[in-house]
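Take a look at the structure below.
The values are calculated or read from the model by the stated rules, or taken from the named source; none is laboratory data. In this text, all values refer to a predicted model and were calculated from it rather than measured experimentally. Counting neighbours? That spans all protein chains shown, and the Cβs are built from the backbone with ideal geometry, glycine included. Calculation scope for accessible area: heavy atoms of the full protein, side chains included, ligands and nucleic acids excluded. Shrake-Rupley method; radii C 1.70, N 1.55, O 1.52, S 1.80 Å.
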Amino acid sequence: MAQPSASPSASERRQSVRSGVAWEGVRRLLEHRGDAEGRPARIVDVGGGTGGFAVPLAELGHAVRVIDPSPDALAALDRRARERGVADRVTGQQGDLSDLPHLVDEADLADLVLCHGVLEMVDDAAASVASIAGVLRPGGHLSLLVAQRHAAVVARAMAGHFQAARELLDDGGSSAGQPGRGGHRFTHDEVVELLATAGLRPESVHAVRVFADLVPGSLLDLEPGATAALLELEQAVATRPEYLPLAAQLHVIARR
């Protein structure tokens, strides 16, 4: 994401690796869009919390509306935006995916909707994606980041949780259509089908956190240059389809 201050903390270094591929995809999308349209984008960040993406996007000149169910997160978002000098370009509203059609009207349709780490926890993923499509202007984009099933199965098995791995393998973490305690995990084909049903066309699919969750945090904390090297490796494999099943998350950019 946006570069932190001169001496980032250990947690900031780890987060830069975890979010770096998705951030770069969003940044490039907006950069190309800006070349074509020449105006700041109207962005809706569903579940954007304290502004990890929203504030850096506002720093790029875009107007960002964060919709999140947590009042505490929205208060932290406001503080963060003020500290970074972008409070005039960041607004927060309490709500969730189900409230989206009521919070965004036809006069204020979004150029871009971010839905990162949210779809896993909803009861009806298809209805949620349809709601997102409904608040995008024609030609607008969705940045969707979801937990990916195959890597989660492997992670549970490696941790010795064999029954949990088998259950996740069979139903994606859901029971009777409801998300389980850890949320639903999606395959690439499931995501593509959800988007197509809502009238959205995937333009890119990136593997996210192929290695980041496997590397000990102590290595990033102690080894000079390790964070940058790991991020470079993540970016190098992000577009290689053979690595998609190994990724903890899938980042899909789709167009309406």
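Quick notes
- Identity of the residue in segment 23-48, part of a helix (DSSP H, G or I) and over 25 Å from GLU232 (Cα atoms), that ends up least open to solvent (accessible area, probe 1.4 Å): GLY34
- Failed item in (1) β-branched (Val, Ile, Thr); (2) closer than 22 Å to LEU195 by Cβ; (3) open to solvent by less than 10 Å² (accessible area, probe 1.4 Å), with VAL64 passing the rest: (2)
- Yes/no for VAL86 being over 22 Å from ILE132 (Cα atoms), surrounded by 19 or more Cβ atoms within 10 Å (Cβ to Cβ) and modelled with pLDDT of 95 or more: yes
- Applying the set (1) surrounded by fewer than 23 Cβ atoms within 10 Å (Cβ to Cβ); (2) of a type in the set (D, E, K, R); (3) modelled with pLDDT of 95 or more; (4) more than 18 Å from GLY140 (Cα to Cα) to ARG14 leaves exactly one unmet item: (3).
- Residue within segment 99-109 that is surrounded by 22 or more Cβ atoms within 10 Å (Cβ to Cβ) and either within 27 Å of ALA207 (Cα to Cα) or not polar (S, T, N, Q) (or both) present: yes
- Qualifying residue in segment 124-132 (condition: at pLDDT 95 or above and not in a helix (DSSP H, G or I)): no
- Residues within segment 225-242 that are of a type in the set (S, T, N, Q), assigned to a helix (DSSP H, G or I) and open to solvent by 40 Å² or more (accessible area, probe 1.4 Å), tallied: 1
- Hits in segment 194-216 - residues which are within 19 Å of PRO241 (Cα to Cα), open to solvent by less than 70 Å² (accessible area, probe 1.4 Å) and either outside any helix (DSSP H, G or I) or aromatic (Phe, Trp, Tyr) (or both): PRO202, SER204, VAL205, HIS206, ALA207, VAL208, ARG209, VAL210, PHE211, ALA212
Conditions (1) free of Cβ contacts under 8 Å to residues at least 12 places away in the same chain; (2) out of contact with any strand residue (DSSP E or B) (no Cβ under 6 Å at 6 or more places or on another chain); (3) part of a helix (DSSP H, G or I), marked per residue:
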| site | (1), (2), (3) |
| --- | --- |
| THR50 | no, yes, no |
| VAL55 | no, yes, yes |
| ALA58 | no, no, yes |
| LEU74 | no, no, yes |
| ARG79 | yes, yes, yes |
| ASP88 | yes, yes, yes |
| GLY92 | no, no, no |
| PRO101 | no, yes, yes |
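- Apart from one condition, LEU114 fits all of (1) open to solvent by less than 60 Å² (accessible area, probe 1.4 Å); (2) modelled with pLDDT of 95 or more; (3) assigned to a helix (DSSP H, G or I); the exception is (3).
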